[in-house]
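Just below is one structure, and these are the notes that go with it.
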Amino acid sequence: MTNTEIIAKTAAYVKETLADAEGGHDWFHIQRVWNTALRIAKDEEVDLLVVNLAALLHDIADAKFYNGDEAIGPKTAVALLNSLGVEKGTIEHVEQIIRNISFKNSLDRGQNEKFNSKELQVVRDADRLDAMGAIGVARAFNYGGYSNRELYNPEIPPQMDMDKAAYKKSKSPTINHFYEKLLLLKDQMHTETGKKMAADRHQFMENYLEQFFLEWNG
C-alpha cells in the first residue's frame, strides 16, 4: 500500500469514527488541524507521512470523552496503523505524538517534554492554533455548552497555577478557559509559521474578551 493510500484510508476511518463527535472535536477539527499541519510542514524538514497520520489521528479518541482514559487514543491509532501495514517506526512515532500533543501534558510538572520531535512540534502547533482565534472562541463555547458550564462567573477567578490533575477536573466557566489555556498558547508555539499564525489569532481573542466584558458590564 502506498503512503497516499494509507493516508486516504486513515482519513476515511477518522471521518467515519468521529461522525457523531462533539462539535469542537469532530472531523472538521481534524481536517483543519491536518490542513494547518501540512501548511506548517512546508517550511520544516519533517517526515510527511508521520505528520499526516499524527494530524489525522491525534484526537481519534480524546480522553475527555472516555472518562479521562489517556490510553484509548494511542491504542486505537496503533491498531488502525498496524491493520494498514504501516512500518513499525512510523507507528511508534505517531503514537508518541498522540501521547504528548495535549495542552494538559504541558502541565504535568516534572514530566514535560518526555518526547520531542519536529513532527510533534508541527502537529502540536497546528492543533493549538485550532484552539485560538475565531474558531478557538467557537470551540470553547461549544464545549462549554456541551459540558453545561457557565459562560462567565465574576465570583470564580481563573486558576493560573493548575497542574495536570487539577486541569482535568476543572469545571470552571468558559471565559476562565481563555486565561487558563487559550491566551497561553501563543507563547508555546515552536515553528516560525505557527508563531506568525498564532499572533493574529491571539489578538482576535484579546479583542473578543474586551468586547465581551464591555457587554457583560452593560
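Where a number appears in this text, it was derived from the coordinates with a stated rule and is not lab data. Fair warning: this is a prediction, and the values are worked out from it, not measured in the lab. Note: ideal-geometry Cβ built from the backbone for every residue, glycine included; neighbour counts use all protein chains shown.
Using R₀ = 25 Å, calculate the FRET efficiency as 1/(1 + (r/R₀)^6) where r is the Cβ-Cβ separation of residue 20 and residue 165; round to 0.05.
With R0 = 25 Å, the Cβ-Cβ based efficiency is 0.30.
With a cut-off of 17 Å, note down the residues of the stretch 119-159 whose backbone N falls inside the zone around a label point 7 Å from the Cα of residue 72 toward its beta carbon.
Only 147 pass the distance filter.
If you project the alpha carbons of the stretch 115-218 onto the principal axes, what extent comes out on each, in Å, largest first?
44, 30, 24
For the peptides 160-167, 35-42, 210-217, what is the packing order when you average, over each peptide's residues, the other Cβ atoms within 10 Å and list the highest mean first?
So the peptides 160-167, 35-42, 210-217, ranked by packing, come out 35-42, 160-167, 210-217.
On each of the three principal axes of the Cα atoms of the stretch 1-64, give max minus min coordinate, whole Å, ordered largest first.
34, 26, 18
Between residue 153 and residue 207, what FRET efficiency comes out of the Förster formula 1/(1 + (r/R0)^6) with R0 = 25 Å and r the beta carbon distance, rounded to 0.05?
For residue 207 and residue 153, the calculated efficiency is 0.70.
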